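Throughout, read-outs are computed from the coordinates displayed, never taken from laboratory work. All figures in this text were calculated on a predicted structure; none of them were measured in a lab. Quick reminder, even Gly has a Cβ in these numbers, built from the backbone with ideal geometry, and neighbours come from all protein chains shown.
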Amino acid sequence: MNLPKLAIAALGGTVSMQARHAGEGVIPTVNGETLLASVPELKELARVTVETLGLFPSASLDFELLLSVLSWARYQVEQGAIGVVITQGTDTLEETATFFDYLWDHDEPLVLTGAMRSAAQAGADGPANLLDACRVALAENSRQRGVLVVMNGQIHQASVVRKTDSLALQAFSSPVAGPTGMLLEGTVRYLRQSSHRKLLPLPQQTTQTIAMLEASLSADTLMLENILELGYDGLVIAGFGAGHVSERWADAVEAIAKEIPVIIATRTGSGPTAQSSYGFIGSEMDLIRKGAAMAGFLCPRKARILLWLLVGCQRLDELTRYLNDDIRFQN
Ligand code: GLU
């Protein structure tokens, strides 16, 4: 039987975790081969190559490692894989998905998945998620959709997906947009057509640092006032509501925005920033006047990824275009 070629990489996370001794916490130790053995059904669907590219808790992944994972994934496609699946921890899945999505210039799907329950826990979701992710990666209707996140029977677009629950099985959602598809009785169904993605070239530089701060009630300005001195190349603020900060923060933002790019996102967890609704000091209109850019639908963490990549490939002049375009509405 001439089965399609599928490439899987393991990076660690709960899906790869187990305890060494009873009573100890779980740590990433389960390699890709062992993960694959938990989904024997796959043998009938694809010729699978599997590699363990790392065994990290996802909090300790970094951009440079992700660039090497990306080049591994590209190589797999060049070698004939019709889809690529990466398993990793869920804590930073929304960020790695966004990172890859800006850089993945293939029609073949790049699918990320993980698990909320480790292998030894009753009702472990790792094998089901991995099998679903493979089905999505193999499906013809997944082509030209960029990077997808498959968790708990749902398919999410990288640009909008967020981890919205710390421990629940249903930990991922796509606020406002909703999931882009789902798995129904083993088949891959999409609820929307694929939308145009804005890609970026690989960053030539990886040493840039982007700070991220969250606005909070009665917050001091100590960290803000030191951002420039600390040498940051950009700043993202998770602002109040529709993208607001206090008067004190607004003054600091004005000084910072003269030197480095500043993006204001919303800390609410859902919905866009405003552009032209509020006029008080610290409002979105005031901050735009002071030189900041509004994140639109991009959450603070995704805005930080975008800014890091734009600085890295020297495309900062296109920041507003990337921000304005980032929710993929269907007309
Ligand atoms: N809940 C996380 C996971 O799903 C914890 C560890 C991590 O992100 O690596 O994997």
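Brief remarks follow.
- Selected from Glu41, Glu140, Glu24 as most flexible by GNM, with the chain as the system and alpha-carbon contacts under 10 Å: Glu24
- Rg over Rh for the stretch 252-303 works out to 0.95, both radii taken from alpha-carbon positions and Rh defined as the Kirkwood radius.
- Protection proxy ranking of 123-130, 187-194, by the mean of other Cβ atoms within 10 Å over each peptide's residues and highest first, is 123-130, 187-194.
- From helices alone, the chain scores -7500 deg cm²/dmol at 222 nm; the rule is -39500 (n - 2.57) for each run of n ≥ 4 DSSP H residues, then divide by the residue total.
- The length gained by stretching the chain between Leu222 and Asn324 to full extension, at 0.36 nm per residue less their Cα-Cα distance, is 33.7 nm.
- Three-way shape label, the stretch 223-331, alpha-carbon gyration tensor, a/c 1.5: oblate
- Rounded FRET efficiency, nearest 0.05, which uses the C-beta distance separating Arg20 from Ala122 and R0 of 25 Å: 0.80
- One way to sum up the overall shape of the stretch 118-201 is the equivalent ellipsoid from its Cα gyration tensor, whose semi-axes run 22, 16, 11 Å, largest first.
- Taking GluC sites (Glu not before Pro) across the stretch 182-243, the ones in a DSSP loop with at most 12 further Cβ atoms lying within 10 angstrom of their Cβ are Glu185, Glu229.
- Cα gyration tensor, the stretch 126-268 - rounded (a/c under 1.5), prolate or oblate: prolate
- Dipole in debye (nearest 20) - the stretch 33-113, about Cα centre, beta carbon charges: Lys, Arg +1; Asp, Glu -1: 260
- Kirkwood Rh and Cα Rg combined as Rg over Rh, evaluated for the stretch 219-260: 0.94
- Here's the picture: charge each Lys and Arg Cβ at +1 and each Asp and Glu Cβ at -1 in the chain, and of Thr49, Leu70, Met182 the one pushed furthest to the positive end of that dipole is Met182.
- Charge dipole of the chain about the Cα centre (unit charges at C-beta), most positive-ward option of Gly126, Ala81, Leu103: Ala81
- Value of Rg/Rh across the stretch 21-71 [Cα atoms, Kirkwood radius]: 1.06
- Cα-only Debye scattering, the chain: base-10 log of I(q)/I(0) at q = 0.07, 0.11 Å⁻¹: -0.30, -0.71
- Charge dipole (Cα centre; +1 on Lys/Arg Cβ, -1 on Asp/Glu Cβ; no other charges) of the chain amounts to roughly 720 debye.
- Distant-in-sequence amide H partners of Ile86 (H built 1.01 Å from N, under 5 Å): Ala9, Val111, Leu112, Thr113
- Phi angles across the stretch 300-314 convert, under the Karplus curve 6.51 cos²θ - 1.76 cosθ + 1.60 with θ = phi - 60°, into 3J(HN,Hα) values of x, 5, 5, 5, 5, 4, 4, 5, 4, 5, 5, 5, x, 10, 6 Hz, Gly and Pro given as x.
- Within the stretch 53-156, trypsin sites (Lys or Arg not before Pro) in DSSP loop having at most 14 other beta-carbon neighbours inside 10 Å: Arg143
- Close amide-amide hydrogen proximity is noted between Asp91 and Ser58, each under 5 Å apart and 5 or more residues distant or on a separate chain (H modeled in the peptide plane; Pro and chain starts excluded).
- Once the mean of 1/r is taken over each pair of separate Cα atoms and inverted, the stretch 1-137 shows a Kirkwood hydrodynamic radius of 14.9 Å.
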